[in-house]
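Written below as structure tokens is the structure these notes are about.
Every number in this text was worked out from the coordinates using simple rules, so none of it is lab data. Keep in mind that this is a model prediction, so the values were computed, not measured. Don't worry about glycine lacking a Cβ; one is built from the backbone with ideal geometry, like all the others, and counts go over all protein chains shown.
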Amino acid sequence: MTCITPLDLLMPLPSVACSLIQDSPVEAPTLSISRYFLLLVLTCFLEAPVYWFFAKGLSARARVVQNLLLNLATHPAVTWGLPYLFLKARFSTYVWGAEAFAWFVEALILFRLYRYPKGKALAVSALANLTSWWVGLLILG
């Protein structure tokens, strides 16, 4: 079975994880606030090396702020809002939509606020989001 998810761009998923992603329907979010906070912290932690590497010229404090700003701009919407737009869809469709949303919004912030060139903003955001998706799935999967 081949997955059609952002992760598949880097590495095929094990068949169990693949079938879960492909076949699961999207459900309304039921995460507790404490579990959500842990997932947000994990996402920030996983994306930090990518954003920090490309944030040359920013102080360590400014890099932390950048990472938090980028994730706070997208993570709540991806977790709490977007699932409602995809309630009748397969989970893989939601994953594509959510990852595209995070990629575009974070790239837009990098472009507008941090003055990254367009191509660099898109590439850095894509790399950070693919990293957190891929490694997060391996950790939590």
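Numerical summary
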item	result
Contour minus Cα-Cα distance for LEU58 and ALA123 (0.36 nm per residue)	21.5 nm
Point-to-point label distance, VAL65-TYR84, nm (Cα→Cβ direction, 7 Å offset)	3.2 nm
In order through segment 129-135: 3J(HN,Hα) via Karplus (6.51 cos²θ - 1.76 cosθ + 1.60), integer Hz, x for Gly, Pro	6, 5, 5, 5, 5, 5, 5
Diffusion coefficient, µm² s⁻¹, Stokes-Einstein with Kirkwood Rh over alpha-carbon pairs of segment 60-141 at 37 °C and 0.692 mPa s	245 µm²/s
ALA73-LEU42 pseudo-label distance in nm [points 7 Å out on the Cα-to-Cβ vector]	2.4 nm
Cut-off 17 Å (backbone N to label point 7 Å along Cα→Cβ of ARG115), residues of segment 38-60	54-59
